[in-house]
Protein chains: 2
Amino acid sequence: MVDTAPRTHNSARKASDAQGARSGTSGSGRAGTLTPKVDVAALETQLLGDWADVRRAARELAGRPDMQKVEGLSLADQRARTFGQLSLLVENGQVHRAFPKDVGGEEDNGGNIAGFEELVAADPSLQIKSGVQWGLFGSAIVQLGTERHHQKYLPDIMSLKTPGAFAMTEIGHGSDVASAATTATYDPETQEFVINTPFKGAWKEFLGNAGNDGIAAVVFAQLISKGVNHGVHAFYVPIRDADGAFLPGVGGEDDGLKGGLNGIDNGRLHFTNVRIPRTDLLNKYGDVAEDGTYTSPISSPGRRFFTMLGTLVQGRVSLDGSAVVASKIALTIAIRYAAERRQFASGDGGGEEQVILDYQRHQRRLLPLLATTYAASFAHEVFLHKFDDVFSGATDTDADRQDLETIAAALKPLSTWHALTTLQEAREACGGAGFMTANRLTSLRADLDVYVTFEGDNNVLLQLVSKRLLTDFSKQFAHADAGVLARYAVTQAADRAYHAGLRSLGQTVRDFGSTARSVGWLQEASTQRELLTDRVEAMVAEVATALRPASKLSKKDAADLFNSQQNQLIEAARAHGELLQWEAFSDALEQTPDADTRQVLTWLRDLFGLGLIEKHAAWYLMNGRLSPQRAQAVTAYIDRLLRRIRPHAVDLVNAFGYGPEHIRAEIATGVEAERQSEAREYYRRLRESGEAPIDEKTLTKKKRP
Amino acid sequence: MVDTAPRTHNSARKASDAQGARSGTSGSGRAGTLTPKVDVAALETQLLGDWADVRRAARELAGRPDMQKVEGLSLADQRARTFGQLSLLVENGQVHRAFPKDVGGEEDNGGNIAGFEELVAADPSLQIKSGVQWGLFGSAIVQLGTERHHQKYLPDIMSLKTPGAFAMTEIGHGSDVASAATTATYDPETQEFVINTPFKGAWKEFLGNAGNDGIAAVVFAQLISKGVNHGVHAFYVPIRDADGAFLPGVGGEDDGLKGGLNGIDNGRLHFTNVRIPRTDLLNKYGDVAEDGTYTSPISSPGRRFFTMLGTLVQGRVSLDGSAVVASKIALTIAIRYAAERRQFASGDGGGEEQVILDYQRHQRRLLPLLATTYAASFAHEVFLHKFDDVFSGATDTDADRQDLETIAAALKPLSTWHALTTLQEAREACGGAGFMTANRLTSLRADLDVYVTFEGDNNVLLQLVSKRLLTDFSKQFAHADAGVLARYAVTQAADRAYHAGLRSLGQTVRDFGSTARSVGWLQEASTQRELLTDRVEAMVAEVATALRPASKLSKKDAADLFNSQQNQLIEAARAHGELLQWEAFSDALEQTPDADTRQVLTWLRDLFGLGLIEKHAAWYLMNGRLSPQRAQAVTAYIDRLLRRIRPHAVDLVNAFGYGPEHIRAEIATGVEAERQSEAREYYRRLRESGEAPIDEKTLTKKKRP
C-alpha cells in the first residue's frame, strides 16, 4: 500500500501521525482498543474516485509554483501570469481531453473535468480562465458547431492561438438567456449574418477573455431570417485583430477589478452590424440555407433552446467539483490548526490550555462542514459519472439529459454556497491568523465568491430543480384530487440507483416511536432516508396543491400565486439536493472496504443526515414527522457524534490528499505546535531555575487567614 | 423641514420619488389611501440619533474623494494613502473629541465614536487605522495612564506626530489576554522596567501601525517586581527612531497582505530586554514605587485586570456602529437595484418583466436583513448612550460598567456577523454586477471580514455574555433546587429600561391559544417580547441545571461538563443579544411621531421579531411554547409582512441618509432603469416600424390547426 501511495499521501500521513502523537487523541486504535482507526491511504484513494490518475496528475501540476497564484500582484501582472499559465497547461497536455479525436483530442469528458477541478488548488483564476477558453468558448464550438467548425477553429483554440470569449450573458438579462437582445439577422444577398447590439442593455457582459486577451467570441444572438426570429443561436465572431485592437463594428470595455478572480480579464462587448459568413453559425441544432430558409432537427423552439443550453452543462459540473476542492483545502487548514492551537486553560486556570478542536463549539463549527464536504465530494463523483455517461453517449437519452441537468442545478448551488460557508467559518475559526493572506483562506474565498452566481445563479438553478419536481409530481398525480395529493403514497421505480427527480416513499413518515429508542432509530440509514425523502415529497405536494387553482386564474393572478410559493419551492429544491448528497454519501459507505474506516464514515454520514434533520427540525415538528422528544434526541445524538468523530478529524482531512504545496497556509504547517513546545520548554526551565515569579493571586490567597 | 435637512437627504428623497414613480409601487399614500407613507426626512433624523450633528459632519468628510478608498492600489500605495488621510482627519479637527480637555480635547466620548463610525463609508481602513491611533493607542494612555502621561504623550499622539501601536495580542494568545507572556520586570537599581519577549509565541501580533508607521507602542506585559507577578499592565514603549528603524532590542515583521483593510500596516513586535523608565508604566490601576513596591487601588488582581480591559470597550462600541453603517450601505445598493432591475416576464412570457424586488424570494432575502439593520441601528444608539454615560461619569458604577461590557459583548458579535451576511446577500442579490469592484460590495465585505474576530472574537464575546447570564441566574436562585430552577418565575426589577443582564418573565409562556387568533396574537409586541425573553431564560435555566453537579466534580470532569454545554450557552447569549436588539427597536417605535412611519416601522419590527421566532421555531415547538399551528402562522404572517413592507423598501433605505458620494456603486445610481427605458423605446419603435421579426413560437402555434 505504501509503495503505491502518492507522495502527497505520504506527507499527509506523516503529518497525521505527528498530529496524533501531539494531541494524544488519535491513533489509539492500532493497539486493538475500541476506537477505530481510519485507513487514510485507502480513504484517499476512494475519494480520488474513478478519475484518480487524472486527478493525481493535475494535483502534481497544481503543486508547481509556476502554476500558482501570487498574491498582491497588480491587475495587469496577475492577468499576465494567469494567461501565461494557460500556455503551460497547453504545453503540459492538460487541455485536449474533452476535444474530438479527429482534432487531436481524447473525448474523455469526465477526465477532462476532473483534471480542471483540481486546478483550483493552484489558482481559481487559472481554473476559471481555462474553463472560459476550453470549457465554454471551445466547448460551444464542439457542442453547437459541426465538423467544419471543428476543423477550422478547434486546433487554434486548443493551442491557445485563438483565445476567445463566450458571449452569452447580457447586462440586461443575466440568467434569462432566452431574452437576449443581440440579433443575428441573415442577409441572403451577401450570405452573411449581421450581428447587432440594439441598445446598451444588450451589451455582452462579464465575459472572461473579453477585457483583453480574446480575439474571437462565440456570440449568442436571436437568429432572424426572412422576418422570423428563431430564437437564440451561437455564432463564431472574430473581435480583435493581431494587434489587439477591436475589429470594425466591435466595441467593448474592460470590467476592471472584481471581488476575486482577477487573473481573468472580464469585459463587455457590443456589435454594430458586424458581418460574419453564413457558415459561422454554429449549426448543429439549427441552420440557415443560402436563401435564408431555416431548418432544425428539433422542431420545438423551446426544446431546441434548452437542448443547446444543455450542452453547456459542464461548467456547472466543474464548478461543483472545484467548490468541493476549495472546501477540502479550507477544512484541512482549519482542522489541522484547531488540533494544534491551544487557548484557555480548562477548569479555572492551572491546567494546560485546551486544544481548540476539543471545545464543543469549535467541533460544532467545523465537523458538520467536514461531513457536508464528504457528502458533496461523493455526490460530485456520481454527478461526474452521469455527465460522462451522457457526453460519451453511453447513456444519452432525453431523460438522461434532463436528469443530468437536474443534478447539476441541484448540486452546484449547494456545493458552491457550502464552499463559501466553509471558507468563512474556517477563516473565523483561525481567528486573526485566518485573515492573513499568507494563510490562504481569504484569498480562496474571494475567488470562489462568484461561483454562487455564475454559470446559473444559485437561486435560479434551484427553481429549475423545483420545476422538475413539480413536473414529476404532476405526472404522478395527473388525475388525483387535492385531498389525495397532500398525503399521497406511491412506490418509486427501484431500478435507478441515483434518480435525479422526485421520489416517493411507500408511506408518509409518522413519528409514534418512544423516546427511549430514539437514538437507535436515528442511527438507522432508513430513518434518515425516510425523513429526508418525505420532506421533499411533502413540500412539493403542498406547493402543488396550492398551485392547483392557477390554471383557472388570469395570467397575472396565476403569476402572483406562483410567486407566493417561490420561497417554499426553492427550499424544496434545496432539500432535494441535500437528499441527493445524502444518498451519494450512503452509497459510498458500501464502497469502503475497511471496517474501521467505514465506521468513522458512517458516523460522519449520520452527522450529515442528522444535521440536515436538525436544521429543518421545525418542519419535522410542525408536520408531525418528529415528536418533540425525538427532535431533542437528534441534537443530543449530534453532540455525541461530534465527540466520536473529533479524534479522527485530522485523519479525515488528511485523506483529502492535499500536500503542503496545495494547502500553502503557514498555520497548517505545524508552526503553532512548534511555538507551543518552545513556550512549554521556556516555562519548564524557568520553574527549574527557581526564579519564576510568584503569582500575585497565589500570594493574596496565602495572605488570607 | 426641508430647509434644515442635509444635502444627502434631499438627494435621497429625490431618488426615492423617482423610484416610486418608476416602479409604481410606492408613494400612493399621499392621496389618503390605505397605504401609509414613510416620512423619509423625519425617519432619517430619528436614525441619526442624538449625535446627529457629529454624524452629519463626519458624513460630509466621508463624502470627500480624498478621504475615500481607491481600489486596486498596491499595498504600499494604499497604506500611504490611508496614513495621509489620518493627517487630513487631524487637520479637520476630527480626532480630539474624546481626549481630556486639558490637552485640548472635548471629553465627548459618545460623539467621538459616532463620528468615527461614519468613516467606514469613506474607507474601513481609515476607520480602523484611526481607531488604532486614537481609539486604542491614544485611549490606552488616557484610560490607563495618569496626568504625567497625558501631558507628555497625548499632544503628539493627537497630532499624529507619534503614530503608535496597541501591543496587546500575542500570537500564542489571541483572545486570552490574561495569559500574555511578555514580561515587564522592574529593576530597582536603574528604576527601569525591562520589557522582554521570552519566546516566539509571545510576539505581539496583528498590530495596526506596527508594520511600518508606529514609532511607539503601548505594550501589555506581565508586571513583575520583587519576584511577584502582578498580572498584565500597560507600558509606553518607543519602538522606532526618526528614520523608521527599530530601536535597540526591538524587532518585528510586517504582516503583509491581509484579506482586507490593507490601508493598515499590521505587524508583529518583539522585545529583547528593552529598558523603559519606571514612570512609563501606565499607572492608573497599578504602580511600582522606586523601591519596587507594588500598589493598586484595586486589591483583587482579577478585578483589576478586568477593570483595565474594560476601559478599552470603545473599540467594540465603534465596531458595532461601523458594522451597522456597512449594512446600511449594502442594503441601499441591493434594494435600489432590486427595485429597478427586471428579470423574467411574469406568467409565461409576453408580459413586462418583473422587478426583482417583487419576487417573494428576493423579498425573503433582503427585507429581513433590512429589519435586522434597523434593529441593530436602534440598539447601537442605546449602546452608545450607555457607553457615553459610563465614560462621561454620568452613571459610572461597577454595575453600569458590567452592563456596558455585557451589551458590548452581546451586540458587537451580532452586528458584525450581520454586516457580513448582509454584504454577501446584497452582493449575490446583485448577481455578477455585485461582484464588480465598481459596485462596492465585495470591497466592503473584504474589509469588514475581520470585524467578527478582532476586538474580541465573536464566539468568545458571546461566552462572556453567557457567563453574565449564568451569574445573574445563580444570584436569583442561590438556594433553589434543580426542579424549581427549570421552571422558575420571578418578576424583574422594572426600573431599568435597558437592562443588560438576564431578565425574567412573570410566567413561562405556554401556547394554548387557538389557531384562528394566531396572527393577532403574533402581532402583539407583548407576545414577541414574551417568546424572546422566555427562550433566553429557559435556555440559561437549562444549562444552569445541567451545570449544578460541577461543584462536586474534579476540575477535569467539571470542565468537560461545562464544555458539553458550550454550544447551548453561546446560543443563549445570541438569543439575549437578539432580545436587546428587539427591545431597542420597540422602544424606538415610541419615539417615531409620524403615525404612517410608525406603522411601517412596526411592520418592520414585527418582521424582525417574528423572523427570530421563525429561526428558532424548532426550540419553541420542542419546548411547548408554540403549537404547530401557531408556528405555521408565524411563517404565513412573515410572508404577509414582506408584501406590506415591500412598497416602502426604497424609502426605508433612503432614510439611512447616505448620498451617492457614500454609496459609490454604479448599480445604485439608476443606470439599470435607464438601460431598460432605452430598451423599451427600441422595441416600441421596432413595433411601430412594422419591421419587427415574428417569433417562431407564434408561427408554430399559428401553423397548428
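Return a yes/no flag: does the stretch A:644-658 have any residue that is within 25 Å of residue B:301 (Cβ to Cβ) and without any contact (Cβ under 8 Å) to a residue 60 or more places away in the chain.
Checking the stretch A:644-658: not a single residue is within 25 Å of residue B:301 (Cβ to Cβ) and without any contact (Cβ under 8 Å) to a residue 60 or more places away in the chain.
Looking at (1) among the small types (Gly, Ala, Ser); (2) closer than 28 Å to residue A:602 by Cβ; (3) at pLDDT 95 or above, can you tell me which one residue A:28 breaks?
(3)
Does residue B:644 count as surrounded by fewer than 23 Cβ atoms within 10 Å (Cβ to Cβ), in a loop (DSSP other than H, G, I, E, B) and touching a helix residue (DSSP H, G or I) at 6+ places or on another chain (Cβ under 8 Å)?
The answer is no for residue B:644.
Looking for whichever is touching a Leu at 6+ places or on another chain (Cβ under 8 Å) and either among the hydrophobic types (A, V, I, L, M, F, W, C) or farther than 30 Å from residue B:37 by Cβ (or both) here; the options are B:537, B:571. Which one fits?
Of the residues listed, the single one that is touching a Leu at 6+ places or on another chain (Cβ under 8 Å) and either among the hydrophobic types (A, V, I, L, M, F, W, C) or farther than 30 Å from residue B:37 by Cβ (or both) is B:537.
How many residues are at the interface with chain A (Cβ under 9 Å from one of its Cβ atoms) and of a type in the set (D, E, K, R) when one looks only at the stretch B:201-225?
1
Each row is one residue, and each column tells you yes or no for (1) more than 10 Å from chain A (Cβ to nearest Cβ); (2) on the phi > 0 side of the Ramachandran plot; (3) surrounded by fewer than 18 Cβ atoms within 10 Å (Cβ to Cβ); (4) more than 26 Å from the chain's Cα centre (by Cα).
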| residue | (1), (2), (3), (4) |
| --- | --- |
| B:522 | yes, no, no, yes |
| B:528 | yes, no, no, no |
| B:538 | yes, no, no, yes |
| B:565 | no, no, no, yes |
| B:574 | yes, no, no, no |
| B:579 | yes, no, no, no |
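Residues to consider are B:313, B:324; find the one that is touching a helix residue (DSSP H, G or I) at 6+ places or on another chain (Cβ under 7 Å), closer than 19 Å to residue B:397 by Cβ and either hydrophobic (A, V, I, L, M, F, W, C) or touching a residue at least 12 places away in the same chain (Cβ under 8 Å) (or both).
B:313
Please count how many residues of the stretch B:623-632 are assigned to a helix (DSSP H, G or I) and over 9 Å from residue A:618 (Cβ atoms).
Residues in the stretch B:623-632 being assigned to a helix (DSSP H, G or I) and over 9 Å from residue A:618 (Cβ atoms): 4 in total.
Could you check the stretch A:90-119 and list, in sequence order, the residues that are within 19 Å of residue A:311 (Cβ to Cβ) and among the charged types (D, E, K, R)?
Within the stretch A:90-119, A:97, A:101, A:102, A:106, A:107, A:108 meet the criteria.
Within 11 Å of another protein chain (Cβ to nearest Cβ) and surrounded by fewer than 24 Cβ atoms within 10 Å (Cβ to Cβ), is that true of residue A:344?
In short, yes.
Failed condition for residue B:496, given (1) surrounded by 15 or more Cβ atoms within 10 Å (Cβ to Cβ); (2) at pLDDT below 75, with all others met?
Every condition holds for residue B:496 apart from (1).
Enumerate the pairs (first residue in the stretch B:77-92 and closer than 18 Å to residue B:57 by Cβ and in contact (Cβ under 8 Å) with a residue 24 or more places away in the chain; second residue anywhere and among the charged types (D, E, K, R) and crowded, with 16+ Cβ neighbours inside 10 Å) with beta-carbon separation below 7 Å, excluding pairs fewer than 6 apart on the same chain, so at least 6 apart or on different chains.
Sorted first by the residue in the stretch B:77-92, then by its partner, the pairs are B:86/B:129.
Let me spell it out: the conditions are (1) surrounded by fewer than 22 Cβ atoms within 10 Å (Cβ to Cβ); (2) more than 9 Å from every other protein chain (Cβ to nearest Cβ); (3) at pLDDT 95 or above, and residue A:669 meets all of them except one. Which number is the exception?
(3)
Out of A:663, A:694, I need the residue that is of a type in the set (Val, Ile, Thr) and touching a residue at least 40 places away in the same chain (Cβ under 8 Å). Which one?
Only one candidate passes the filter, namely A:663.
Can you tell me which residues in the stretch A:149-189 are part of a helix (DSSP H, G or I) and more than 14 Å from every other protein chain (Cβ to nearest Cβ)?
A:149, A:150, A:151, A:152, A:153, A:154, A:155, A:156, A:157, A:158
Go through the stretch B:260-286 and report how many residues are charged (D, E, K, R) and closer than 26 Å to residue B:298 by Cβ.
Result for the stretch B:260-286: 3.
Just to verify a result, which residue in the stretch B:624-634, among those that are at the interface with chain A (Cβ under 9 Å from one of its Cβ atoms) and either without any contact (Cβ under 8 Å) to a residue 60 or more places away in the chain or touching a Lys or Arg at 6+ places or on another chain (Cβ under 8 Å) (or both), is surrounded by the most Cβ atoms within 10 Å (Cβ to Cβ)?
For the stretch B:624-634, the residue satisfying everything is B:631.
Identify all residues within the stretch A:275-307 that are away from chain B (no Cβ under 14 Å), in contact (Cβ under 8 Å) with a residue 60 or more places away in the chain and either in contact with a strand residue (DSSP E or B) (Cβ under 7 Å, 6 or more places away or on another chain) or not in a helix (DSSP H, G or I) (or both); write none if there are none.
A:275, A:276, A:277, A:278, A:280, A:281, A:282, A:283, A:284, A:290, A:291
For the stretch A:423-477, how many residues meet the condition of being of a type in the set (Phe, Trp, Tyr), in contact (Cβ under 8 Å) with a residue 12 or more places away in the chain and at the interface with another protein chain (Cβ under 8 Å from one of its Cβ atoms)?
The qualifying residues number 1.
The values are calculated or read from the model by the stated rules, or taken from the named source; none is laboratory data. Nothing here was measured: the structure is a model prediction, and the numbers come from that model. Positions of Cβ are generated from backbone atoms using ideal geometry, with glycine treated the same way; all protein chains shown enter the neighbour counts.
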